[in-house]
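Below you'll find the structure, written out as structure tokens, and then a few comments.
The values are calculated or read from the model by the stated rules, or taken from the named source; none is laboratory data. None of the values given here were measured: they were computed from a predicted structure. Cβ sites come from the backbone with ideal geometry, for glycine too, and all protein chains shown count toward neighbours. Side chains included, ligands, DNA and RNA excluded: accessible areas come from the protein's heavy atoms. Shrake-Rupley method; radii C 1.70, N 1.55, O 1.52, S 1.80 Å.
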Amino acid sequence: MTELETVKLETVKFMRGKYQLNEVGDGKEELKFKQGKKTILTIYLKEDKLVFLIIFGKAEREKFENVRNEFSQYILDYYDNAKTYHDGKWMFIDVVTLQVLEEIKKLIIIKKKPNRKPFSKENAVYGKCGHRCDLCVHYTKITKDFRDMLIPHLSAVYGVSDWSLRCTGCDTPDCHCHRDGSELCEPLKCLQTKELDTCLNCSKYPCEQATVGYKELDSRNRSADDVTWAILPFVPYQYGN
């Protein structure tokens, strides 16, 4: 994975793990993270970089000035040279390294405090791959009402209409990996090879082979609820950093 690819992944993890926002894309290169009509962040997806547009109003500029000594000259130059319009200071910041991304995260937090509440861990059921079985549409122990709520979000994200598969969980007779002669999924094959009980016990978890849900940064439309119910149950630690 190149550093830019890692930057994209870490951006996804931060924005979805820390914030509950709608993702509004133009189908090309623009992606906005919005709360209602207010845009918190815009990202332009270029082949060789990401361009972050962050707009600071008066109150946000005051907060930044109080901590500006915590930022590199790279960020300060963007801030000082950005034009100020009626709605605030517009900063278009080129990002290609993880070091710069860490500073961008601090700017985003100045713009808006994280608002995502983590899933409750009370009565949580984890699969061997680290998924939250109790939040999965296939798990037989969830209620019909909960399953019916999940399906539209899953269909919107993954473009699949058939969610009829049922699974009673790992190490049970009706685990979907063992039904009808089905092969083990890739994470469970890896576990078998390493003689481990769960991916969570592996020193390399989360790894590229672990099933991590939808992790691409692109300009598709997704509601905040789509991300919550169709993506986060299937990523390591629900992106919680």
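Quick notes on this one:
- In summary, no helical segment of the chain meets the span-like criteria, namely a full DSSP H run, a Cα extent along the axis of 24 angstrom or more and a mean Kyte-Doolittle hydropathy of at least -1.0.
- A straight Cα-to-Cα reach below 21 Å connects Lys106 with the lysines Lys8, Lys13, Lys18, Lys32, Lys34, Lys38, Lys49, Lys58, Lys63, Lys83, Lys89, Lys117, residues fewer than 8 places away in its own chain not being considered.
- Computed about its Cα centre, the charge dipole of region 122-235 is approximately 60 debye, with only Lys, Arg, Asp and Glu carrying charge at their Cβ.
- Residue-normalised accessible area of region 111-164, given per residue in Å² at a 1.4 Å probe: 60 Å²
- Of all accessible heavy-atom area on the chain, the percent that carbon and sulfur account for (1.4 Å): 51 percent
- Seen through its C-alpha gyration tensor, with square-root eigenvalues sorted a ≥ b ≥ c, the chain comes out prolate because a/c lies at 1.5 or above while a/b is bigger than b/c.
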